[in-house]
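Data block below; observations after.
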Amino acid sequence: MLLPVVKLKSKRNSRHPWIFRKMVSLPRGIELDPGSLVEVRNPDGSRIGQAFFHPENTIALRILSEDPARPVDERFVAGRLAAAKRLRDAVLPLSAETDSCRLANAEADGLPGLVIDKFADLLVVEPYVAGWLHIMDWVAEALAELYPGCRVAVRPDERAEKKEGVSFAKAAEKYPAPASVDIRENGIAYRVDFLTGHKTGFFLDQRDNRAAVMGLAKGREVLDLCCYTGGFALSAWRGGAKRVVAVDLDEKALDAARVNASLNGAETMDFLHRDVFDELRDRAVRGRLADLVVLDPPKLAGSQDEVAKALRAYLDFNKLAMAAVRPGGMLVSCSCSGAVSAERWRQTVRHAAAESGRGLCIFLNTGPGPDHPVLSDFPQGQYLKVMFAQVL
């Protein structure tokens with residue numbers, strides 16, 4: 001297949017899968033739709049590979065293949081998904097305790113802008129770039145071949161659709177998601193709600209960190225802040241926590257958390273529909289402390305322009321969270337803002353400790369599980385940062 005050619009203004013000198021608009025000589029005489037598949041070349045005409053092209057976005061090109069002998073077609077997409085499956089089979093053997101994982105992690109699996117999560121027998125596809133609009137059938141057909149007996153659902157992200165200037169409505173209609181599906185993770189039952197849930201429906205990236213909290217919770221009073229659908233709270237309950245309090249401002253998320261608690265018979269958990277800052281300030285006034293505090297706020301920085309504001313919020317969040325921990329207790333602090341580097345975020349948490357007059361004995365720094373790999377040439381993929389520390 002003869003593809004439109006897009007040339008760069010200067011020779012490419014890295015393997016980063018993104019090429020920004022300022023580096024691209026826009027094609028003359030032809031108009032390309034968002035997500036068009038193009039051939040990318042250096043100024044001297046040498047071939048770089050094939051990519052999704054967007055004529056208006058800051059990220060103009062997302063490289064799919066750098067091998068001229070491997071055109072992007074049905075076989076190519078199936079091959080990338082098969083390679084992703086082999087990696088998961090090698091590093092993450094699922095069991096009766098856990099039946100859900102990430103099957104494709106975008107750039108890390110050579111599928112830029114495409115995330116696929118497995119929830120029991122349901123495979124949820126979330127496209128973030130326009131290019132997948134044109135070849136979604138290739139993805140669905142390959143998944144049906146690789147995972148026989150599983151259902152495929154396309155669940156678009158509204159913000160991504162707006163940013164890309166396209167609609168995935170037809171794909172979502174062709175591959176609809178059910179209202180919900182029940183899964184198991186670390187022996188806990190969850191109901192994943194596709195009508196109100198964020199992203200693909202459930203944050204699988206915290207699976208191993210939830211297991212770690214389960215191991216720390218026995219006999220402790222646990223406070224789960226920004227609890228969403230109750231993953232950390234339920235993990236603490238199953239780990240033998242003395243008391244679990246889960247707080248979130250999202251009423252629909254709390255309703256889902258209560259459903260999950262009911263599925264597991266965890267009737268003793270307390271759920272608070274409240275702003276986390278207000279709850280922490282009240283606890284400080286009343287001197288109400290917990291043995292283990294989990295702080296997992298939503299993404300606070302979606303771009304570099306928002307990083308400074310996000311760091312101030314992380315500072316305030318962590319100062320208040322540390323004040324709610326009994327001396328000698330533990331804090332599990334998280335950030336899912338990819339625009340904030342791990343070092344800047346960890347430095348902010350350390351500053352929060354210093355400003356609050358507390359010390360931290362950091363015993364574990366983690367990220368997502370092995371089903372969320374990170375490409376060495378794509379540090380932006382390392383979005384989740386988690387710190388486990390004793391508060392002194």
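The values are calculated or read from the model by the stated rules, or taken from the named source; none is laboratory data. This structure is a prediction, so every number in the text was calculated from the model and none was measured. Cβ atoms come from the backbone with ideal geometry, glycine included; neighbour counts cover every protein chain shown.
Could you tell me how many of the residues in segment 2-33 are part of a strand (DSSP E or B) and either at positive phi or among the β-branched types (Val, Ile, Thr) (or both)? Qualifying residue count, segment 2-33: 4.
Considered as a group, the residues in segment 333-349 that are in contact with a Leu (Cβ under 7 Å, 6 or more places away or on another chain) and not in a loop (DSSP other than H, G, I, E, B) include one that is nearest to PHE203 (Cα to Cα), and that residue is CYS334. Scanning segment 181-224 for residues that are among the charged types (D, E, K, R) and either in a helix (DSSP H, G or I) or farther than 19 Å from GLY265 by Cβ (or both) gives ASP193, LYS199, ASP205, ARG207, ASP208, ARG210, ARG220, GLU221. When PHE232 is tested against (1) within 26 Å of the chain's Cα centre (by Cα); (2) assigned to a strand (DSSP E or B), only condition (2) is not met. Would you tally the residues in segment 66-76 being closer than 20 Å to VAL24 by Cα and modelled with pLDDT of 95 or more? The number of residues fulfilling the criteria is 0.
With respect to the stated conditions, PRO34 fails to be under 29 Å from the mean Cα position of the chain (by Cα), free of Cβ contacts under 8 Å to residues at least 60 places away in the same chain, over 20 Å from ASN13 (Cβ atoms) and not assigned by TED's automatic domain parsing to the domain that holds LEU143.
Remark: pairs (first residue in segment 236-252, in the same structural domain as ARG220 (by TED's automatic domain parsing) and farther than 20 Å from ARG220 by Cβ; second residue among the β-branched types (Val, Ile, Thr) and modelled with pLDDT under 95; Cβ separation under 6 Å; 6+ apart in sequence or on different chains) = LYS252/THR196. Listed by first and then second residue, the pairs with beta-carbon distance under 9 Å, at least 6 apart or on different chains, first residue in segment 152-168 and touching a residue at least 60 places away in the same chain (Cβ under 8 Å), second of a type in the set (Asp, Glu) and surrounded by fewer than 17 Cβ atoms within 10 Å (Cβ to Cβ), are GLY165/GLU56; VAL166/ASP33. For segment 350-392, a tally of residues being assigned to a strand (DSSP E or B), out of contact with any Lys or Arg (no Cβ under 9 Å at 6 or more places or on another chain) and without any contact (Cβ under 8 Å) to a residue 24 or more places away in the chain returns 0. Output the residue which, of all residues in segment 371-392 that are surrounded by fewer than 16 Cβ atoms within 10 Å (Cβ to Cβ) and modelled with pLDDT of 95 or more, is farthest from ASN13 (Cα to Cα). Per the stated criteria, the residue is LEU392. Note on segment 51-150: enclosed helices (runs of 4 or more DSSP H) holding 2 or more residues that are over 23 Å from GLU173 (Cα atoms) and free of Cβ contacts under 8 Å to residues at least 40 places away in the same chain are 74-91.
Within segment 67-78, the residues that satisfy the criterion of being within 16 Å of ALA144 (Cβ to Cβ) and either surrounded by 15 or more Cβ atoms within 10 Å (Cβ to Cβ) or within 21 Å of the chain's Cα centre (by Cα) (or both) are VAL77, ALA78.
Out of LEU92, LEU26, LEU3, report the one residue that is touching a Cys at 6+ places or on another chain (Cβ under 6 Å), of a type outside the set (Val, Ile, Thr) and at pLDDT below 95.
Sole residue among the options that is touching a Cys at 6+ places or on another chain (Cβ under 6 Å), of a type outside the set (Val, Ile, Thr) and at pLDDT below 95: LEU92.
Does ARG220 satisfy the criteria of being touching a Gly at 6+ places or on another chain (Cβ under 9 Å), surrounded by 19 or more Cβ atoms within 10 Å (Cβ to Cβ) and basic (Lys, Arg)? When the stated conditions are applied, ARG220 passes them. Please find, within segment 2-37, the residue that is surrounded by the fewest Cβ atoms within 10 Å (Cβ to Cβ) out of those that are in contact with a Ser or Thr (Cβ under 7 Å, 6 or more places away or on another chain) and of a type outside the set (A, V, I, L, M, F, W, C). Ranking the candidates gives LYS9 first.
So, TYR147, is that one buried (at least 21 other Cβ atoms within 10 Å of the Cβ), over 17 Å from the mean Cα position of the chain (by Cα) and not hydrophobic (A, V, I, L, M, F, W, C) or not? So TYR147 fails the test. Of the helices (runs of 4 or more DSSP H) lying entirely inside segment 249-326, those carrying at least 2 residues that are of a type in the set (Val, Ile, Thr) are 276-286.
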